[in-house]
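**Student:** My questions all concern the structure below.
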Amino acid sequence: MKVCKFGGTSVASAEQIQKVAAIVKADVTRKIVVVSAPGKRYSEDIKVTDLLIELAEAVIAGSKYEDKLLNVVARYKENAEGLGLNPSITEAILTDLHARIEEASKVSDEYLLDTLKASGEDNNAKMIAQYFNSVGIKAKYVSPKEAGLIVNEGPERAQAQPEAYVNLNTLKDTAEVIVFPGFFGFTKSGVLRTFDRGGSDITGSIMAASVRASLYENFTDVDCVFSANPKVVNNPAEIHEITYREMRELSYAGFTVFHDEALMPVVKLGIPVNIKNTNNPLVEGTRIVSKRKENNRPVTGISADSGFSILYVSKYLMNREIGFGRKLLQILEEERISYDHTPSGVDDISIIIRSRQLSPEKEGRIVNRVLNELNADDVYFRHGFSMIVVVGEGMNNSTGLAARAASAISKTGANIEMINQGSSEVSLSFGVQEKFENDILLALYNEFFAVTAVR
Ligand code: ASP
């Protein structure tokens, strides 16, 4: 049995939804279909999820929101008409949105935002199930609440709980094709919570793990995963097979094709993931697997992402002070901040943090606490960094790779602010100033792909 997930662009219009139906019809083992909310139909278009966020913000602000609500409904109406569905489905969506606003306004702003965001996938799943039936695919919408997709209570980010996997497992015996909305679940006490943006990938993965699918097909709008961002590197090499670890490292920094949280459920069971193109479904795509065939390239992909800050801390004889690192990280924990890397010297340590978690007040508090409680000599934040990550299973048995990378970076004139290599040696990360990001990506690509190819 295969679980298929169709992303926003795959379900953005009637024409796209028709392609989805054709894909599901073409293979009887495609038994569970997880869908996103309608995404962009063209590059300047707005995703329904973003329209819903605007709607929620207007409701929360107490301003007029009827137009925003009708904008959302208009997207479904257009699709329903294009698919030849009964107009009652659009009426039902209008009623549903009003009901969500009324109910959630009595609860909290956070819940209002969550329930409106989730309506994007929920209403789309209902419409797609109806369309499947109209074209002869026996299908059934299943709600995450009924099915028992249980997530944790807030305030931590929503994550599926162990019982969710047990509950969803029962869906495997359903006769019809299941159409299941991505992106949200319910706490034990029945409160709806959404996953991170792009979280329908996570739902698909939870579902694939729950029903022990033979394959998790993730349909999107590209033929495959590329070895570097095609917006920066012209015609980057295609990746047809990649390991979970490689994909995890790449999606950490900028590879947005597949949500980084979405690997966890399938990795444990070794269920392969196949990234495929809804617009070109016969192309093999990219398979994400636990072990792949070896090739002669040490590097599989190079990713880059901006928006990092560095907290620098130095103290004479830091290396001899028992508990220094723990106390430092505890201060970050108390500010609810996660960190990505902690490269260090004998008397200093740098902590790499996603800047979006920081604010001037938080930074001020952290600096003061580290100075006062840990008696550090010097403490400060710097902003505007990018992380460039060179990834490949073949890296751990090839020598001189770091030297090649550093030399390629030096030719761009950039200073390397940080280097980090995890013990698995599957990745090598460089912290650099944001303005050098694209030049470095190109230089590294040329070093490991273009040059390797002609050698
Ligand atoms: N619709 C949600 C978003 O735009 C979730 C998803 O599409 O995966 O983030």
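Every read-out reported here was derived from the displayed coordinates using simple, explicitly stated rules and does not represent laboratory data. Only a predicted model underlies this, so the values are computations on that prediction, with no experimental measurement involved. Don't worry about glycine lacking a Cβ; one is built from the backbone with ideal geometry, like all the others, and counts go over all protein chains shown.
**Student:** Taking region 77-166, which GluC sites (Glu not before Pro) meet the DSSP loop condition and have no more than 14 other C-beta atoms within 10 Å?
**Tutor:** Sparse-neighbourhood loop GluC sites (Glu not before Pro): GLU153, GLU156.
**Student:** Excluding residues fewer than 8 places away in the same chain, name every one of the lysines whose C-alpha is closer than 18 Å to that of LYS291.
**Tutor:** Partners within reach: LYS268.
**Student:** Here is a further query. For region 163-315, just say rounded, prolate or oblate: build the C-alpha gyration tensor, square-root its eigenvalues into a ≥ b ≥ c, call rounded for a/c under 1.5, and beyond that prolate if a/b exceeds b/c, oblate if not.
**Tutor:** Oblate, because a/c is 1.5 or more while a/b does not exceed b/c.
**Student:** Continuing with this model, one more query. Within a 10 angstrom radius of the beta carbon, how do MET318, MET127 rank from fewest other beta carbons to most?
**Tutor:** By the 10 Å Cβ count, ascending: MET318, MET127.
**Student:** What ³J(HN,Hα) values, in whole Hz, does the Karplus curve 6.51 cos²θ - 1.76 cosθ + 1.60 give for region 79-84 when θ = phi - 60°, with x put for Gly and Pro?
**Tutor:** 5, 4, 5, x, 9, x
**Student:** Trypsin sites (Lys or Arg not before Pro), restricted to region 209-308: which are DSSP loop and have at most 15 other Cβ atoms within 10 Å?
**Tutor:** Here the trypsin sites (Lys or Arg not before Pro) that fit, given the DSSP loop and packing criteria, are ARG212, LYS231, LYS291, LYS293.
**Student:** Okay, next question. Non-local amide H neighbours of ARG193 (under 5 Å, H modeled in plane, Pro and chain starts lacking H): which ones?
**Tutor:** Those lying under 5 Å, H to H, from ARG193 are GLY185, PHE186, THR187.
**Student:** Related question: So for region 162-215, averaging the separation of alpha carbon pairs under 8 Å that are six or more residues apart and normalising by length, what relative contact order in percent results?
**Tutor:** On the way: 51 pairs, mean separation 23.6, N = 54.
In percent, rounded to a whole number, it is 44.
**Student:** Read phi for every residue in region 422-438 and hand back ³J(HN,Hα) as whole Hz from Karplus 6.51 cos²θ - 1.76 cosθ + 1.60, θ = phi - 60°, with x for Gly and Pro.
**Tutor:** Along region 422-438, the couplings run x, 5, 6, 6, 8, 8, 9, 10, 10, x, 9, 5, 3, 5, 8, 3, 5 Hz.
**Student:** Run the quick spin-label model on SER108 and TYR42: label points 7 Å from Cα toward the beta carbon, then report their separation in nm to one decimal.
**Tutor:** 4.1
**Student:** Something else about it: Which lysines, on any chain, are close to LYS362 with Cα under 30 Å apart, when same-chain ones fewer than 8 places away are left out?
**Tutor:** LYS117, LYS315, LYS327, LYS435
**Student:** Can you tell me the 0 to 90 degree angle between the C-alpha axis of helix 109-134 and the longest principal axis of the chain, rounded to 10?
**Tutor:** Taking the Cα atoms of the chain, the angle to 109-134 is about 50 degrees.
**Student:** Collect residues whose amide H, placed 1.01 Å from N in the peptide plane, falls under 5 Å from the amide H of GLY301; neighbours closer than 5 in sequence don't count.
**Tutor:** Amide H to amide H, under 5 Å and 5 or more residues apart or across chains, GLY301 pairs with VAL391.
**Student:** So if I place +1 on the C-beta of Lys and Arg and -1 on the C-beta of Asp and Glu, and nothing else carries charge, what would the dipole magnitude of region 357-455 be about its Cα centre? I want it in debye, nearest 20.
**Tutor:** 200
**Student:** Further question on the same structure: Roughly how far apart, in whole Å, are the Cα centres of region 221-257 and region 281-317?
**Tutor:** Cα centroid to Cα centroid, the span is 9 Å.
**Student:** So, one more: Pulled fully out, how much extra length does the chain show between LYS64 and THR174, if you take 0.36 nm times their separation in residues and subtract their Cα-Cα distance? Kindly include the intermediate steps, with their values, before the conclusion.
**Tutor:** Working: separation 110, 0.36 × 110 = 39.60 nm, distance 4.34 nm.
Full extension of this stretch gives 35.3 nm more.
**Student:** Any idea how far apart SER214 and ASN375 come out in nm if each label point goes 7 Å out from Cα toward Cβ?
**Tutor:** Distance between label points: 6.6 nm.
**Student:** Give the cross-link partners of LYS126 among the aspartates and glutamates, using a straight C-alpha distance below 19 Å as the criterion and excluding same-chain residues fewer than 8 apart.
**Tutor:** Partners within reach: GLU15, GLU78, GLU81, GLU91, ASP96, ASP114, GLU146, GLU176, ASP201.
**Student:** How much net charge surrounds GLY413 when only other residues with a Cβ under 15 Å from its Cβ are counted (Lys, Arg +1; Asp, Glu -1)?
**Tutor:** For residues surrounding GLY413, the net value is -2.
**Student:** Rounded to whole Hz and in sequence order, give me ³J(HN,Hα) for region 53-62 from the Karplus expression 6.51 cos²θ - 1.76 cosθ + 1.60, θ = phi - 60°, writing x for Gly and Pro.
**Tutor:** 5, 4, 4, 4, 5, 5, 4, 4, 6, x
**Student:** Could you tell me which trypsin sites (Lys or Arg not before Pro) in region 35-118 are loop residues by DSSP with no more than 14 other beta carbons within 10 angstrom of their beta carbon? Kindly include the intermediate steps, with their values, before the conclusion.
**Tutor:** Details: sites: LYS40, ARG41, LYS47, LYS64, LYS68, ARG75, LYS77, ARG100, LYS106, LYS117; in loops: LYS40, ARG41, LYS47, LYS64, LYS106.
Listed in order of number, the matching sites are LYS64, LYS106.
**Student:** May I pose another question? Of VAL390, GLN433, GLY307, which is farthest along the charge dipole of region 296-455 in the positive direction, counting Lys and Arg as +1 and Asp and Glu as -1 at C-beta?
**Tutor:** Final value for the positive-end residue is VAL390.
**Student:** Could you size up the charge dipole of region 330-369 around its Cα centre, putting +1 on the beta carbon of Lys and Arg and -1 on that of Asp and Glu, and report it in debye to the nearest 20?
**Tutor:** Numbers: 6 positive and 8 negative charges, 43 e Å.
So the magnitude is around 200 debye.
**Student:** Shifting gears a bit: Only four residue types carry charge here, +1 at the Cβ of Lys and Arg and -1 at the Cβ of Asp and Glu. Report the dipole size of the chain about the Cα centre in Debye, rounded to the nearest 20.
**Tutor:** 1120
**Student:** Towards the positive end of the charge dipole of region 1-133, with charges on Cβ (+1 Lys, Arg; -1 Asp, Glu), say which of LEU83, SER10, THR29 has the farthest Cα.
**Tutor:** THR29
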